[in-house]
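J.: Handing you a structure now.
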Amino acid sequence: MADKHLGVYVHIPFCASKCGYCDFYSLAGCDKLMGRYQDALLRHIGESASTMAPYYIDTVYFGGGTPSYYGAKRIAELFNALKRAGKVLKSSEVTVECNPDSVRPRELDRLKSEGVNRISLGVQSASDDLLKIIGRRHNFTQVKKAVKDIRKAGFDNLSVDLIYGLPNQTKTDWADTLARVLDLEPDHVSCYGLKLEEGTPMYEQYKDSPVIPTDDDQADMYLYTVETLNHYGYGQYEVSNFARRGKASRHNMKYWDMDDYLGFGPGAHSCIGNTRYSYVKDLRAYISGVGGGDAILDEYEKLDELDRASEYLMLGMRRSKGISQEEYHRIYRSDFAPIEALLQEYEKDGWTKQFNGRWCFTPQGFLLSNILIGSLWEAQAEYRISGNPWMEDQLEMGVKELTGASEGALHI
């Protein structure tokens with residue numbers, strides 16, 4: 001009997017057009033491949049039944065790309081294939097990403113009737129001018145209509161995505177976006193600072209441009225976001241995510257809690273036990289590979305205990321609930337003292353705080369999280385052998401194996 005839980009992610013790489021900032025694997029102008037891609041996904045899901053067999057599936061996420069552009073009929077077909085291949089719980093959180101310009105009442109009704117219970121809406125800004133600059137196809141009037149249609153269809157779990165630090169955006173502009181979005185009463189808000197990714201149109205256009213808000217400006221926007229959303233009842237549970245009580249994304253928590261998840265589609269990632277892998281970021285290669293052609297694996301790695309310990313630090317410190325000595329020691333048999341000593345130093349600077357035996361970042365600490373987590377890793381690495389007897393045993397075994405192999409080579 002299955003007693004473990006699994007999250008499933010299905011990547012829909014199709015878009016009506018590419019946004020200027022987007023570096024996710026997605027394609028515009030490839031609609032003619034939708035039928036072949038659907039067949040490949042259905043086949044891949046069916047072939048993965050044995051992988052899913054030990055689990056109950058309690059979260060499903062259709063991301064992209066633009067799943068709403070792909071169509072409710074195809075999404076429903078994929079979800080039903082998952083139900084046949086795996087044990088999907090009736091209480092599962094099932095999310096579909098939508099863009100305001102491709103939300104249709106009839107499509108929403110179809111998704112709701114099939115068991116989808118959460119919508120993630122790509123809003124990004126309430127400023128029509130900024131939306132045009134970053135290449136979005138919608139305006140804020142369409143956002144308001146989409147939210148109205150989503151609620152009318154019966155969805156009581158709505159998330160919106162926003163971006164701050166856009167070209168020429170001021171703190172006042174960002175405050176206006178937050179205010180107008182809060183008027184829509186979403187259940188969950190994700191706020192991301194703009195990062196210019198190499199290879200995107202906005203990188204070429206705005207790299208080193210003075211119209212991009214400075215790091216200090218972005219920091220001010222972030223701290224304002226935390227304060228404002230908390231004031232209106234949206235608790236921060238991860239560095240970029242805020243939710244009303246009971247509305248945190250259960251699927252995304254799987255990534256941050258290091259739970260098992262299975263991905264389908266080009267560029268999709270999976271982590272089963274201590275094995276992590278991803279598929280090629282190539283739509284045609286994925287289609288032909290699933291159909292029996294070339295291999296579709298792109299990356300594959302086995303995680304050892306130190307890998308998991310490092311991930312625990314990185315992912316745990318992204319969450320507002322943070323990390324604890326008990327969890328670290330129980331799961332990884334490692335001494336927490338060197339890490340706690342550094343966390344105590346951070347506390348003096350106002351970057352961390354301790355509560356109920358757990359350590360987490362403050363909002364000011366989240367701003368520096370990449371640097372601070374890097375230092376935690378260094379503290380962990382310095383102590384990884386002297387403070388971990390199990391690693392000394394593994395190292396000694398490795399030396400013996402290496403010595404034996406060398407001696408064998410000398411006798412050939």
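J.: Strictly under 4.7 angstrom between C-beta atoms: which cysteines of the chain have no such partner?
T.: So, CYS15, CYS30, CYS98, CYS191, CYS271, CYS360.
J.: Just one of (i) 23, 31, 20, 19, 7, 0; (ii) 23, 55, 20, 2; (iii) 26, 49, 20, 5, 0 is P(r) over Cα pairs in 20 Å bins from 0, in percent as worked out from the coordinates here. Which one is it?
T.: This structure yields the entry labelled (ii).
J.: Taking 45 Å as R0, compute the FRET efficiency from the Cβ-Cβ separation of GLU227 and TRP377 and round it to 0.05.
T.: With R0 = 45 Å, the Cβ-Cβ based efficiency is 0.90.
J.: So for each of 244-250, 192-198 I average, over its residues, the number of other beta carbons within 10 Å; can you give me the resulting order with the highest mean first?
T.: Highest-to-lowest ranking by the protection proxy: 244-250, 192-198.
J.: Just from its helices, what would the mean residue ellipticity at 222 nm be for the chain, if runs of 4 or more DSSP H residues each count -39500 (n - 2.57) and the sum is divided by every residue, rounded to the nearest 500 deg cm²/dmol?
T.: -13500 deg cm²/dmol
J.: How long are the semi-axes of the equivalent ellipsoid of the range 65-116, defined as square roots of 5 times the Cα gyration tensor eigenvalues? Whole Å, largest first.
T.: Equivalent ellipsoid semi-axes, largest first: 20, 11, 10 Å.
J.: Where a ≥ b ≥ c are the square roots of the eigenvalues of the C-alpha gyration tensor, would you call the range 184-292 rounded, which needs a/c under 1.5, or, failing that, prolate if a/b is larger than b/c, or oblate?
T.: Oblate, because a/c is 1.5 or more while a/b does not exceed b/c.
J.: State whether the range 1-130 is rounded, prolate or oblate according to the following rule on the C-alpha gyration tensor (a ≥ b ≥ c being the square roots of its eigenvalues): a/c under 1.5 gives rounded; otherwise a/b larger than b/c gives prolate, and the remaining case gives oblate.
T.: prolate
J.: Still on this structure: Which of HIS231, VAL181, MET221 sits farthest toward the positive end of the charge dipole of the chain, with +1 on the Cβ of Lys and Arg and -1 on the Cβ of Asp and Glu?
T.: VAL181
J.: A follow-up question, please. Tell me, what is the percent relative contact order of the chain, built from C-alpha pairs under 8 Å that lie six or more residues apart?
T.: Here the relative contact order equals 13 percent.
J.: Once label points are set 7 Å from the Cα along Cα→Cβ at both SER209 and LYS73, what is their separation, rounded to one decimal in nm?
T.: For SER209 paired with LYS73, the spin-label model returns 4.0 nm.
No value in this document is a laboratory result; all are computed from the given coordinates. The structure presented is a predicted model; accordingly, all values stated were derived computationally and were not measured. Ideal geometry is used to build each Cβ from the backbone, glycine not excepted, and the neighbour counts take in all protein chains shown.
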